[in-house]
Amino acid sequence: MRQIDHFISGGSPAPTGRTHKIWNPSTGEIQAEVVLGNAATLEAAVAKAKEVQPAWAATNPQKRARVMFEFKALVEANKQELAELLSSEHGKVVEDAHGDVQRGLEVIEFACGIPQALKGEYSQGAGPGIDVYSMRQPLGIGAGITPFNFPAMIPMWMFGMAIAAGNAFILKPSERDPSVPVRLAELFLEAGAPEGLLQVVHGDKEMVDAILDHPDIPAISFVGSSDIAQYIYQRGAANAKRVQAFGGAKNHGIVMPDADLDQVVNDLAGAAFGSAGERCMALPVVVPVGEDTADKLREKLIPAINALRVGVSNDPDAHYGPVVTPEHKARVEGWIDTAEKEGAEVVIDGRGFNLQGHEDGFFVGPTLLDRVTTDMESYKEEIFGPVLQIVRAKDFEDAVRLPSEHQYGNGVAIFTRNGHAAREFASRVNVGMVGINVPIPVPVSYHSFGGWKRSGFGDIDQYGMEGLKFWTKAKKITQRWPDGNEDLGNAFIIPTMG
Ligand code: NAD
């Protein structure tokens, strides 16, 4: 069986003997296994990272950018292979896997501009003969712990910014689809990066805890589910590390009575069911405003959902593929059971879905639930599957309140032709990323990404200038070059600029 190993350059730590199986979600077969490491594996990676990082930090930013440019070219040249590999372990369709790689690459493109982004600030003559300037310096070794659902994009969001800024990076990807992260690290080396600058260690909680407790790792970026995110944030912070930890989501799509419903249905089909709903920026809750809007929307949604084609991940005509593991399929179907017991109306039922010829694959049919209410557990929690819930809102105020009061605050969208309503909604809603007639408002790479409430712990966002801030520390320098003729003044009084 194919074995996926760590990608580390320091020493050869003894294997732990523990492995994790890698499924092919389309066929239900085990296609590989990944080795699981421990503190000794991490130690080897950290030792190598410590050795190479100072020279990398001292490499001028233009030369660092050249490695980024070269890496971008290599990822582009290998995009089809990466997308197919990603799709075979994750289950998302190949075209969507291309998007996963592309959205990561866009952050690499931003990181190519590191010489410009790292230019500091300078104030000449801040006092008599005094100048003040600031610079951003790398932290040393950064670590990233990533989820299964974007195995290319999220690692690139993290290591692209961290490494361009002068850090070494240790990535602990999801143990469910680890091949693409390893492939990215190989390409990074091929791009001219020093050996050991980007390393990949595999593992589960044991490895994560080793990272959280390692004294030589000053910063950790995490993306995954909320309970784990909170744990990472707390334990990392208790160890005096800088931590950003992004969690789960339950994004709402508000549909105002004046919205173009055909457009909304088209957008919702992709945003709720694309990637089998396994996206933190999916739209699994639709909130039509008023009963009339709800009835009209439901009428249009039913045929659109019934027309969705579920297929194996390399079927070019499939809208979406299987979910990632058999456990996840059972979990999603369990949430549909719960919703039904709680009184939701199961309008379209995706449970027990069988794809002919692929009966062992982890497929869940598209599901539509109506008359979902805010007291239901199936509304409060993240389902992370191809399930769309309709929550009917009385009016605009109700529509602002629902996502604002939800425990998660990652993304939200409003569909309307009314600029005033959109503006009002965007300014009042208690959610981190807002789309106006845009169903999946993931900000472009030169802005930043981050949700609120239980979708994001810590106070600095991912990528863009926020990412740069996260992976560097600011140094502030106040200088004076006296020529010996100055009035020495009273050295016992706190200096002021007069
Ligand atoms: P997960 O929380 O199960 O795993 C994420 C990472 O944490 C993995 O690397 C995993 O090995 C590690 N991990 C798992 N259990 C752990 C434990 N007990 N202790 C320490 N580490 C542990 O998440 P997932 O299922 O891989 O990904 C899906 C989740 O990620 C969803 O909740 C989704 O909303 C969220 N997500 C959030 C964002 C965002 O930006 N907010 C983006 C993508 C995914």
Check: C-alpha center the range 435-462 vs C-alpha center the range 59-98, spacing in Å is 22
Amide H of Tyr320: which non-local residues (sequence gap of 5 or more, or other chain) have their own amide H closer than 5 Å, using H built in the peptide plane?
Arg309, Gly311
Report the FRET efficiency, 1/(1 + (r/R0)^6), for Lys380 and Thr59, where r is their Cβ-Cβ distance and R0 is 56 Å, rounded to 0.05.
0.70
Can you list the aspartates and glutamates whose alpha carbon is less than 18 Å from that of Lys473, not counting same-chain residues fewer than 8 positions off?
Glu121, Asp216, Asp459, Asp461
Calculate the dipole size of the range 391-477 relative to its Cα centre from +1 charges on Lys and Arg beta carbons and -1 charges on Asp and Glu beta carbons; express the result in debye to the nearest 20.
260
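With only Lys, Arg, Asp and Glu charged, each at its Cβ (+1 for the first two, -1 for the last two), find how big the charge dipole of the chain is about the Cα centre; round to the nearest 20 debye.
Once rounded to the nearest 20, the dipole reads 1340 debye.
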Over 19 Å between alpha carbons, listed pairs Lys50/Lys241; Lys241/Lys476; Lys92/Lys205; Lys21/Lys205
Lys241/Lys476; Lys92/Lys205
Calculate log10 I(q)/I(0) of the range 1-147 for q = 0.09, 0.16 Å⁻¹, where I(q) comes from the Debye formula with a single equal point scatterer on each Cα and nothing for solvent.
-0.47, -1.16
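Ignoring GluC sites (Glu not before Pro) that are buried or in helix or strand per DSSP, and keeping those with at most 11 other beta carbon atoms within 10 Å, what is the longest stretch of the chain between them? Don't jump to the answer; show the numbers that get you there.
Values: sites that count: Glu359, Glu486.
Between the exposed loop sites, the longest stretch runs 1-358.
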Per the Cα gyration tensor, the chain corresponds to an equivalent ellipsoid with semi-axes, largest first in Å, of 42, 30, 19
Under the rule of -39500 (n - 2.57) per DSSP H run of 4 or more residues, summed and divided by the residues of the chain, what mean residue ellipticity at 222 nm is obtained, to the nearest 500 deg cm²/dmol?
-12000 deg cm²/dmol
Among the lysines, select those whose C-alpha is under 19 Å from the C-alpha of Lys63, and discard any that sit fewer than 8 residues away in the same chain.
Lys72, Lys119
Given points 7 Å out from each Cα along the Cα-Cβ axis, report the Val444 to Tyr122 separation in nanometres with one decimal.
3.0
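Bear in mind these aren't lab numbers, they're just calculated from the coordinates by the rules spelled out. No experiment lies behind these values; they were computed from the predicted model shown. Neighbour counts run over all protein chains shown; Cβ positions are idealised from the backbone, glycine included.
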